[in-house]
Amino acid sequence: MLVDDERLALVQLEKALRSIAEPLLEAIEIVTLQNPVEVLEMAERFKPQAAFLDIHMPELSGLQVAEQLQERFPHISIVFLTAYDHYAIKAFELNAIDYLLKPLVQQRLEKSFQRLLLRARPLQEMDRPDTGRQPKVLFNSRTILVGKPGQSPELPKWRTNKAQELFAYLLMRRGEAVHKSTILELMLPELDKKKAMTQLYTVIYQIRQCLQALDLDITISNVSIQESYILRLGESVTVETEEWERQIEQARENLPAGYDTIAELLAEHDGGYLRDHDYLWAEHERERIRQLWLGQARLLASHLKEQGRLEEQLRLLERIQGLDPFHEAEGLAILTLYDRLGQYDRVLFYYNYLETVFREELDLPIPASVAAWMEQWRTRQ
């Protein structure tokens with residue numbers, strides 16, 4: 001697709017491109033437009049793989065047209081045309097593959113066309129029918145890992161830590177339009193706006209490249225003329241914590257038969273969320289997942305107690321205390337179970353552990369109820 005408000009410039013560009021393609025035996029279809037407002041409508045009809053856009057046009061600039069095209073067609077290749085070189089930085093922020101100065105030089109145009117061919121061939125393979133993507137899982141309890149169901153996951157090869165963090169942030173807020181100013185405030189507060197925006201465009205480009213390399217059916221689109229980004233998951237992608245939460249809800253609706261499923265789900269998931277990273281913005285979600293896990297674990301622990309399955313109850317309470325060590329009633333319950341099961345060495349060990357935790361973490365003495373129970377136990381011993 002060639003877009004320029006000057007008719008003569010369009011005719012010359014089309015003629016030049018056809019003269020480059022013919023000796024290479026490349027068949028190309030070219031659509032030309034003078035009105036930038038009509039670009040999206042025509043793009044929906046023709047699904048172009050590449051667009052040559054003049055930057056200076058009435059009503060919509062080539063930069064604005066590029067933003068709209070990239071939102072609808074994430075893999076489209078953009079080449080900008082202009083008589084001015086001061087738009088180059090902005091052009092490459094929009095991930096253009098080239099930036100050509102008018103009047104056009106045939107040799108430079110040939111190089112751009114070669115780049116387009118290299119990008120178009122892999123996309124043609126990807127767009128073939130009946131080549132549905134393989135199901136993928138995004139694991140995010142410790143860090144972001146990608147794997148197929150039943151196979152060991154792998155760590156994506158992020159170009160930078162910022163790319164990894166921004167992807168994790170957009171994934172947490174998937175389906176929601178996130179304003180660019182929010183992202184800049186969170187992740188690039190130390191930079192002035194111009195430098196921060198340049199880095200943001202670069203990071204988004206790196207993320208898209210990584211997702212493409214992993215063949216993940218995930219899109220990051222621009223909305224409201226690139227004022228916001230929105231991440232969407234395709235049908236072939238599931239997220240570990242989201243799927244775990246859905247299965248927990250299903251099991252809760254099927255009690256008491258669902259207790260066995262809850263036990264399996266609690267064993268599979270440790271209640272963590274991106275816990276290998278100290279992202280401050282993840283704290284709320286991290287705490288929500290932790291409390292969800294603790295709530296289901298306490299529900300199951302009560303059921304195990306009613307069933308008289310004391311050893312299973314004890315193992316589960318130990319895991320609960322690992323996440324929430326300051327819960328007085330559960331501390332007492334663990335001491336009582338050690339005593340009932342004849343694990344007297346564990347009683348002493350665990351009591352000393354609780355004393356240390358309360359003293360070092362909270363600067364408080366061990367709760368009076370726990371201390372009183374221990375005194376009675378020592379008397380009995």
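The values are calculated or read from the model by the stated rules, or taken from the named source; none is laboratory data. Quantities reported herein were computed from a predicted structural model and do not represent experimental measurements. Here Cβ is always computed from backbone atoms with ideal geometry, including for glycine, and neighbour counts include all displayed protein chains. SASA here: full protein model, heavy atoms, side chains in, ligands and nucleic acids out. Shrake-Rupley method; radii C 1.70, N 1.55, O 1.52, S 1.80 Å.
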For region 237-381, what's the radius of gyration and Dmax over Cα atoms, in angstrom?
-> 17.2, 59
For the chain, state what percent of all Cα-Cα pairs lands in each successive 20 Å bin, counting from 0 Å until the bin that includes the largest distance.
-> 22, 40, 23, 13, 3, 0
Have a look at Lys194, Lys180, Lys136 and tell me which one the Gaussian network model of the chain (Cα, springs below 10 Å) gives the largest fluctuation.
-> Lys194
Spacing of the two label points (7 Å from each Cα toward its C-beta) at Arg173 and Lys193, in nm = 1.8 nm
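If the chain between Glu22 and Ala120 were fully stretched, how many nm would it gain, using 0.36 nm times the residue separation less the Cα-Cα distance? Let's see the in-between values first.
Working: separation 98, 0.36 × 98 = 35.28 nm, distance 1.68 nm.
Difference between extended and current length: 33.6 nm.
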So what are the three principal axis dimensions of region 15-72 from its Cα atoms, in whole Å, longest to shortest?
-> 37, 22, 15
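Could you order Tyr259, Tyr201 so the one with the most accessible surface comes first? Probe is 1.4 Å.
Details: Tyr259 35, Tyr201 10 Å².
Correct descending sequence by accessible area is Tyr259, Tyr201.
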Rounded to the nearest 10, the angle in degrees between the Cα long axis of helix 106-126 and the longest principal axis of the Cα atoms of the chain comes to 40 degrees
Using the Cα centre as the reference, give the magnitude of the dipole from point charges on the C-beta atoms of the chain (Lys, Arg: +1; Asp, Glu: -1; all else neutral), rounded to the nearest 20 debye.
-> 680 debye
Leu362 versus Gln212, label points 7 Å from Cα toward the beta carbon: distance in nm?
-> 5.4 nm
Within region 162-225, list the GluC sites (Glu not before Pro) lying in a DSSP loop whose Cβ has at most 15 other Cβ atoms in a 10 Å radius.
-> Glu176, Glu190
Estimated inter-spin distance, Thr379 and Thr143, nm [label 7 Å along Cα→Cβ] = 5.4 nm
